[in-house]
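Written below as structure tokens is the structure these notes are about.
The values are calculated or read from the model by the stated rules, or taken from the named source; none is laboratory data. Here the structure is a predicted model, which is why all the values come from computation and not from measurement. All Cβ positions, even for glycine, are placed from backbone atoms using ideal geometry, and neighbour counts span all protein chains on display.
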Amino acid sequence: MYIYFLKDGKQLNFDSRVNAYDIAHKISPSLAKKAVAAKVNDGLWDLMRILPDGAKVEIITKDTSDGLEILRHDCAHILAQAIKDEFPSAQITIGPAIENGFYYDIYAEKPFTLDDFAKLEKRMAAIIDKNDQFIREEWDRTKAIEFFKSIGEEFKAQIIHDLPPTETITLYRQGPFIDLCRGPHMPSTGMVGKNFKLMKVSGAYWRGDQTKEVLQRIYGTAWWTEKDLADYLHRLEEAEKRDHRKLGPQLGLFHIQEEAVGSIFWHPKGWTLYRLLEDYIRTKLKDHDYQEVRTPLLVDKKLWEESGHWEKFSENMFVVQDDDRILAVKPMNCPCHVQIFKQGMKSYRDLPLRMAEFGCCHRNEPRGALHGIMRVRSFTQDDAHIFCTPDQIIEETKTFCDLLKMIYIDLGFTNIRIKFSDRPEKRAGSDAIWDLAENALREASIAAGLDFTLNPGEGAFYGPKLEFVLVDAIGRDWQCGTFQVDFVLPQRLGAHYVDEQGEKKHPVMLHRAILGSMERFIGILIENYAGAFPVWLAPVQTVITTITEKHSEYAQKIYNDLKAKGVRCELDIRNEKISYKVREHSLQKIPYIITIGDNEMTTHTLTVRAFGQTTNETMSLEKFLTMVI
């Protein structure tokens with residue numbers, strides 16, 4: 001009798017050893033149809049691989065993230081076979097599944113082109129049609145190295161040579177093709193289907209070493225259904241149109257140049273948008289009793305050592321030598337806020353104390369990681385820290401979550417996902433402290449009515465956190481807000497308050513941000529709205545245009561009246577055709593274009609066209625003001 005255990009603890013008995021497919025079929029024939037692989041004792045296994053007695057088995061199906069990753073892994077192997085079929089002299093190196101697809105790094109003298117992609121895709125389809133089995137084989141290390149050398153695959157031989165001596169060498173066959181791989185794979189190539197597409201080719205280095213061979217990395221994407229593939233390609237097309245790196249300069253918001261790597265040159269319109277967002281957040285902070293502060297940019301290395309940040313982040317800090325000591329440009333604000341809290345004795349009556357700062361931070365991000373204004377070296381956080389007692393954690397969590405949701409809705413984001421990130425492997429503080437912090441945050445999250453998923457091991461080094469993920473107009477995820485419960489830093493940095501019994505206690509420190517990086521969030525706004533901001537956020541809310549020069553005086557009066565009411569407007573009285581002006585301002589995605597001609601002058605009205613509309617509406621100035629204020 002052979003015994004296997006399911007994820008829910010249920011026991012299945014068989015007269016002989018079986019594979020995961022047999023188990024899936026015994027549970028349900030419909031489950032077997034959807035099965036692609038299995039988790040066996042927490043490791044990934046092929047569906048058809050015979051299982052050890054007593055194994056704990058979980059079936060992986062197509063509708064899971066693991067299932068999609070296996071599909072893409074299989075597709076990478078099929079690409080490798082197609083490359084060897086079409087370009088026998090090329091050497092294949094590594095080909096993993098990645099987010100939204102896969103890639104394979106190839107060593108070849110001839111550059112790959114789009115014409116090659118068509119040829120490779122055709123060959124991949126033929127391999128899928130053959131429906132060859134993926135067959136797992138365990139090989140002797142020396143034999144495997146000699147085999148790959150004999151067929152000219154020097155990179156594969158090197159990979160095997162460098163593996164730990166204890167690692168089992170596994171190869172997979174699919175028809176005449178054989179590749180080095182840990183697996184797992186689906187039972188056959190035919191299960192992959194033809195919902196794939198090769199996307200692009202770029203340069204890469206063998207094992208990331210720029211002194212090594214230059215490789216060509218071919219990227220592809222693969223999905224279970226034709227609709228999923230079409231939807232993904234549509235999202236890419238939309239993302240290209242919305243790219244903030246193009247729209248930012250096009251709309252006159254900002255630019256980036258080599259002389260200030262990782263920093264932003266904000267233009268008048270962009271800085272207007274920045275200040276509008278900052279002023280909006282500042283108003284909400286005042287409504288919720290936050291006290292705004294400002295802390296230094298340069299802080300002695302000693303403070304970062306005491307807080308624990310030096311050990312974790314020193315390689316990403318910019319430092320300055322000041323005679324006999326080292327100063328660091330702050331990469332975050334929290335240790336500085338503790339210094340303000342420590343000035344003067346605090347009572348439990350002073351808590352909660354909510355301290356906010358639009359803190360300018362700098363991090364020495366690798367140049368290759370920089371991405372427009374989304375990933376920069378100089379940025380400002382809408383940062384705040386709440387110093388409170390343990391009894392106040394639940395109420396402060398609920399209040400913060402309500403504030404965060406309100407702000408996100410105002411900014412156009414209604415689909416919000418929440419992740420609960422618990423203790424990382426490398427952390428500060430005892431297990432007892434972490435138990436206390438995690439239990440407090442979990443209890444507060446439940447009390448706040450949050451629907452969250454677990455994100456194991458992704459907490460900050462000083463405490464667990466909630467991560468708030470926004471879904472934008474085209475379905476992309478953006479992790480923005482965070483909320484962290486911290487019992488560690490107040491202790492490490494010597495922060496105290498006096499409780500009801502007159503005893504000194506360490507406060508709990510709640511780290512929180514809603515937008516995160518102002519720069520990054522503005523990038524998200526640009527892409528979410530494709531540059532067509534809602535009226536209240538638009539740097540220019542309206543432009544007044546004239547048909548001829550004789551309409552300039554009335555247009556100037558309208559301009560002055562709007563400015564006096566606080567409307568952000570521009571005046572265009574150039575001697576150009578009205579159609580040209582309208583087209584030009586439409587490209588700038590200005591919410592409203594006002595046209596002034598004879599009729600408007602006679603009737604003291606405005607003709608207004610909203611962005612994206614093809615028809616105009618004539619109205620009074622008073623009615624228009626209700627639309628923009």
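Here are a few things to note about the model shown:
- Look at (1) at pLDDT 95 or above; (2) under 20 Å from ILE60 (Cβ atoms) and you find that GLY183 fails only one, number (1).
- Among the residues of the stretch 558-603, those identified as surrounded by 15 or more Cβ atoms within 10 Å (Cβ to Cβ) and among the basic types (Lys, Arg) are ARG568, LYS581, LYS589.
- Residue ID - farthest from GLY262 (Cα to Cα), chosen from residues in the stretch 292-321 that are touching a residue at least 12 places away in the same chain (Cβ under 8 Å) and part of a strand (DSSP E or B): GLU292
- Residue, farthest from the chain's Cα centre (by Cα), within the stretch 609-623, restricted to residues that are surrounded by 12 or more Cβ atoms within 10 Å (Cβ to Cβ) and touching a residue at least 40 places away in the same chain (Cβ under 8 Å): LEU621
- The listed residues are ILE127, ILE145, and the only one of them that is in contact (Cβ under 8 Å) with a residue 40 or more places away in the chain and either outside the structural domain of GLY183 (by TED's automatic domain parsing) or in a helix (DSSP H, G or I) (or both) turns out to be ILE127.
- Just one of the listed residues (GLY270, GLY308) is at pLDDT below 95, crowded, with 18+ Cβ neighbours inside 10 Å and not aliphatic (A, V, I, L, M), and it is GLY308.
- The single condition among (1) among the hydrophobic types (A, V, I, L, M, F, W, C); (2) part of a strand (DSSP E or B); (3) within 17 Å of PHE521 (Cα to Cα) that MET199 does not meet is (3).
- The residues of the stretch 388-422 that are among the charged types (D, E, K, R) and assigned to a helix (DSSP H, G or I), listed by number, are ASP391, GLU395, GLU396, LYS398, ASP402, LYS405, ASP410.
- Scanning the stretch 424-445 finds no residues that are under 18 Å from GLY516 (Cβ atoms) and either in contact with a Gly (Cβ under 8 Å, 6 or more places away or on another chain) or not assigned by TED's automatic domain parsing to the domain that holds ASP287 (or both).
- The residues listed here are GLN541, GLN556, GLN501; of these, the one that is polar (S, T, N, Q), closer than 30 Å to ARG583 by Cβ and free of Cβ contacts under 8 Å to residues at least 24 places away in the same chain is GLN556.
- Candidates ASP350, ASP382: the one that is under 29 Å from LEU277 (Cα atoms), among the acidic types (Asp, Glu) and either free of Cβ contacts under 8 Å to residues at least 40 places away in the same chain or touching a Phe, Trp or Tyr at 6+ places or on another chain (Cβ under 8 Å) (or both) is ASP382.
- Conditions (1) of a type outside the set (D, E, K, R); (2) within 23 Å of the chain's Cα centre (by Cα); (3) assigned to a helix (DSSP H, G or I); number of the one not met by ASN439: (2)
- Verdict on GLU278 being surrounded by 13 or more Cβ atoms within 10 Å (Cβ to Cβ), more than 29 Å from the chain's Cα centre (by Cα) and in a helix (DSSP H, G or I): no
- Residue among GLU396, GLU425 that alone is surrounded by fewer than 18 Cβ atoms within 10 Å (Cβ to Cβ) and either at negative phi or small (Gly, Ala, Ser) (or both): GLU425
- Top-ranked residue of the stretch 303-348 - restricted to ones that are touching an Asp or Glu at 6+ places or on another chain (Cβ under 9 Å) and of a type in the set (D, E, K, R), ranked as nearest to LYS505 (Cα to Cα): GLU305
- Condition met for ARG512 (touching a residue at least 40 places away in the same chain (Cβ under 8 Å) and in contact with a Ser or Thr (Cβ under 8 Å, 6 or more places away or on another chain)): yes
- Count of residues meeting criterion [within 24 Å of the chain's Cα centre (by Cα), aliphatic (A, V, I, L, M) and closer than 13 Å to PHE483 by Cβ] in the stretch 351-400: 1
- Residue count for the stretch 242-258 satisfying the condition of being in a helix (DSSP H, G or I) and either under 15 Å from SER586 (Cα atoms) or more than 21 Å from the chain's Cα centre (by Cα) (or both): 4.
- So PHE102, is it surrounded by 18 or more Cβ atoms within 10 Å (Cβ to Cβ) and over 32 Å from the mean Cα position of the chain (by Cα): no
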